Structure formats: C-alpha cells, structure tokens
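Before any comments, here is the structure.
The values are calculated or read from the model by the stated rules, or taken from the named source; none is laboratory data. Just so it is clear, the structure is predicted and the values come from calculations on it, not from any experiment. Neighbour counts run over all protein chains shown; Cβ positions are idealised from the backbone, glycine included.
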Amino acid sequence: MALTGGRVEIGSSAIRELTIECRKLGAVNLAQGFPDEDAPPEVVEFAIRALHASTHQYIDPRGEPGLRAAIAETARRTTGAAVDPDRNVVVTCGATEAMMACLEALLPPGATVGFIAPFYENYRLQARLAGLEARYAWLEGADLEFTAKTLDPLAGPGLAAIVISNPANPTGRVFSREELAAILEFAQAHNAIVLSDETYEHFVWDGARFTSILAVEGAEQRAIVVSSFGKTFSITGWRVGYLIAPETCVEAVAATHDFHTITAPHPFQVAIRYALTELGPEFYDRLRSEYDARRRLLGDGLRQSGFTFFEPQGSYFYWCDYSGLSSQDDRSFARRLLVERGVAGLPGSVFLPAGSGSSKIRFTFSKKRATLEAACERLLAG
C-alpha cells in the first residue's frame, strides 16, 4: 500500500519554508516571530535550579501544582477573575497545543470556528486538523477598525467558537475592553465559546492597555485563555504554555492534552514557577523597554524604505503595506525581497482567508538590535 498522505491536507507552514530559504541565502529572517538570543541569565539559572530539584519524571498531566498556583494567582491579581489552580488551569506544551486541545476536546467535528482576519495562520490549520469548518470576519481599513457590524459575517448555523489573538499576531492590534465585551455578547447570542490567545500580553506600546478577556463581564462560562511563556522569557524551545478555562471544560481539555503529550517538560515547568514567583515588576519593565527600542528601530527603517504600516499597539510585529513600492502579489514581493535584499518577511495572505489578495507583509521586531540593524541596512541599500 502506498503512503500518500493523511486524511487532512494542510500543506506546509509558510514560516518554516521561508526559514529554510533564509538559511540557504544567508538572509535576515524577520518572518519567524521569536527571539534570536538566549534567555535572560536569571531565567537560565531558574532552569539549572529546577534540574537539581528531582524534576526528571512525569508529573500530573494538568501541570506542576506550584506552577498552576502561580498562574492562577497571577490571573486573579491582574484580572480579578476567580481562577482556581485545580479547577481552571492546565499546563500544556505551548499555546499551540493549548489551542489544539481546546478545539479537539470542546467542539464537535463539522462545527464552525469564527476567525477575525487578519489572524495567526496556525489557527485555521488547527481547525482543519480538528475536522472543523472556518468562517471569517474582517477588521476594516488601514486602521483595522472593529465596528458594531464586524462580527456579523460569523453569524449562522454551526458557529461553536470564536478565536481571537490579543494583542494580535500579525497586526499588533489590541482589543479594548468594550470590543471584548461585544465579542462575548455575540458569542453568547450564538451559544459559542471564545478562545483568546494572550501570548503577547506583556508586549504593549505607546500607552495601549491590555485587557484580558477574563476581566470582562460574561467571560466566566464562555471564555478560555490560552497563552505561553516562550515569548516573554525568550524560551520558545522549552514548550510550556497553559490555558485557563471554565471548570466544565477543563476535564475534557486536560484528557486530550494527556493523550497528546502526557505533560509539558517537568523541569521547565518548575523553572517557570520560579520565574513567576521571584521576578518582580522591574523585569517586565526592562522587557518592554528593550522591545520598545527594537520596535522603534525597525519602524524607522521600514518607514524610510517606503513601507506604510499599522502602528502596533501590542505584540512584536509590523503589519506593512508595500503597495507604494510594488504592484506584485504578496508572495512574489516577499520572494523578491528575500532574494534581492536578503530580508525575509511573511506574505500577508498567510494570515487571510484562502484566495484573498494582499499587498501586505509582516515583519517581526523580536530579534536583537544587531539583527534589526542589519535588516534595515539591507532594506535601505536598494
């Protein structure tokens, strides 16, 4: 019998493909959104401590109790929500697995998931793997406006969940409390849940204010937060994330996570518990200050190179329009930029419904300053 592929055709990741091309061409990779430097020294020390703390065997699939307690305490303090570490928290192998476990465990095959475009490309692929249908709404115009009618295209039979990213990848948009309330109200009217990916909660700029969906009235029985520590602590390879969900959802999601991976790496869970309980506000202030400097550095270079963009309110991405530079489709333009300038960005159509045209390209400023300076020099050289 020939092996010709699985039951679901998802294709390869555009990010992975561009990364391979970057290595071949020696290009600067601003397509892949994670840091290109080591974790902070104190976080590395936490890992060393954890490795000496009898953390080498399986642990409760729901997560190391101390880490779950730290996650719950942080959520209670920052949102006011009544989060119980045993009833509401599951530690996962990153936010990606948290999202996948929720889609598989909570939604019946054939149900519909609503996405607000532009959206992170993995969400659509995960929905397809879970046997779900996709339906799309759009943020409007260059300012990515959310209006009273934005969610209307999601209405219809079968809608079971709405997935959002806040702060958003790829756009850098931050949803306001009022917008989150509108999303929850719409979900309630259609008997749907809301999955809010809050991975970039510590990356907010120019006075923007991040509000977790957990802090919004109506979230208690309808909203699930998924998140990760990889971006905040520059430890994307550790693969530790989590979800906070209503008690009625947790058992099914935890069981799905258990069958997928059993547990996230035990020593890294303990190390992150140390980080959450021992790092003070000054750590997060330094983090924002450093990334804000990187944001300004890349923004200046992109502006001088002729790109226009939505000024990011959060996350660490620039959602750029290149129509003043080229009339090419976005994949051709990204390829040309890679080959001729040695800089990789992700075509905007990756983050849009299939078949959508785009004059957009996404760049990350998560890289160290030297990397961003090299990218700007190459962009300006032509």
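Please list, ordered by first then second residue, the pairs with beta carbon atoms under 9 Å, 6 or more apart or interchain, first in the stretch 242-263 and surrounded by fewer than 16 Cβ atoms within 10 Å (Cβ to Cβ), second in a strand (DSSP E or B).
P246/I193; P246/A223; P246/I224; H260/T92
Pairs under 6 Å by beta carbon, first residue touching a residue at least 40 places away in the same chain (Cβ under 8 Å) in the stretch 108-134, partner acidic (D, E), six or more apart or different chains?
That search, which allows pairs on different chains as well, returns T112/E133.
Quick check on my filter: what residues within the stretch 259-295 are outside any helix (DSSP H, G or I) and of a type in the set (S, T, Y)? Steps first, please.
Taking the stretch 259-295 and keeping what is outside any helix (DSSP H, G or I), we get 262-265, 279-280.
Passing the criteria: only T263.
Which of the residues spanning the stretch 118-148 are more than 27 Å from T256 (Cα to Cα) and in contact with a strand residue (DSSP E or B) (Cβ under 9 Å, 6 or more places away or on another chain)? Break it down stepwise before answering.
Start the filter on the stretch 118-148 by keeping residues that are more than 27 Å from T256 (Cα to Cα), which leaves 118, 137-148.
Of everything in the stretch 118-148, those that are more than 27 Å from T256 (Cα to Cα) and in contact with a strand residue (DSSP E or B) (Cβ under 9 Å, 6 or more places away or on another chain) turn out to be P118, A137, W138, L139, A142, D143, L144, F146, T147.
Would you tally the residues in the stretch 77-99 being within 14 Å of V240 (Cα to Cα) and part of a helix (DSSP H, G or I)?
Result for the stretch 77-99: 6.
Looking at (1) hydrophobic (A, V, I, L, M, F, W, C); (2) more than 25 Å from W205 (Cβ to Cβ); (3) assigned to a loop (DSSP other than H, G, I, E, B), which one does A142 not meet, given that it meets all the others?
Unmet for A142, out of (1) hydrophobic (A, V, I, L, M, F, W, C); (2) more than 25 Å from W205 (Cβ to Cβ); (3) assigned to a loop (DSSP other than H, G, I, E, B): (2).
Given the residues L279, L302, which is the only one that is touching a residue at least 24 places away in the same chain (Cβ under 8 Å) and farther than 30 Å from A381 by Cα? Before the answer, list the steps.
On the way: L302 fails: farther than 30 Å from A381 by Cα.
Going through L279, L302 in turn, the sole match is L279.
Return the total of residues in the stretch 46-76 being in contact (Cβ under 8 Å) with a residue 40 or more places away in the chain and outside any helix (DSSP H, G or I).
Count: 11.
This table checks each residue for (1) over 28 Å from H202 (Cβ atoms); (2) small (G, A, S); (3) not in a helix (DSSP H, G or I).
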residue: L302; (1), (2), (3): no, no, no
residue: G306; (1), (2), (3): yes, yes, yes
residue: W319; (1), (2), (3): no, no, yes
residue: L325; (1), (2), (3): yes, no, yes
residue: F333; (1), (2), (3): yes, no, no
residue: L337; (1), (2), (3): yes, no, no
residue: P353; (1), (2), (3): yes, no, yes
residue: A370; (1), (2), (3): no, yes, no
residue: L380; (1), (2), (3): yes, no, no
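Restricting attention to the stretch 191-211, report how many residues are under 17 Å from M100 (Cα atoms), of a type in the set (V, I, T) and not in a loop (DSSP other than H, G, I, E, B).
2
So which of G230, G237, G218 ends up being assigned to a helix (DSSP H, G or I) and not aromatic (F, W, Y)? Don't jump to the end; show me each part of the working.
Values: G230 fails: assigned to a helix (DSSP H, G or I); G218 fails: assigned to a helix (DSSP H, G or I).
When all the criteria are applied, what remains is G237.
So, R294, is that one closer than 18 Å to D36 by Cβ, at pLDDT 95 or above and of a type in the set (K, R) or not? Talk me through it step by step, then tell me what you get.
Details: closer than 18 Å to D36 by Cβ: yes; at pLDDT 95 or above: yes; of a type in the set (K, R): yes.
Against the criterion (closer than 18 Å to D36 by Cβ, at pLDDT 95 or above and of a type in the set (K, R)), R294 qualifies.
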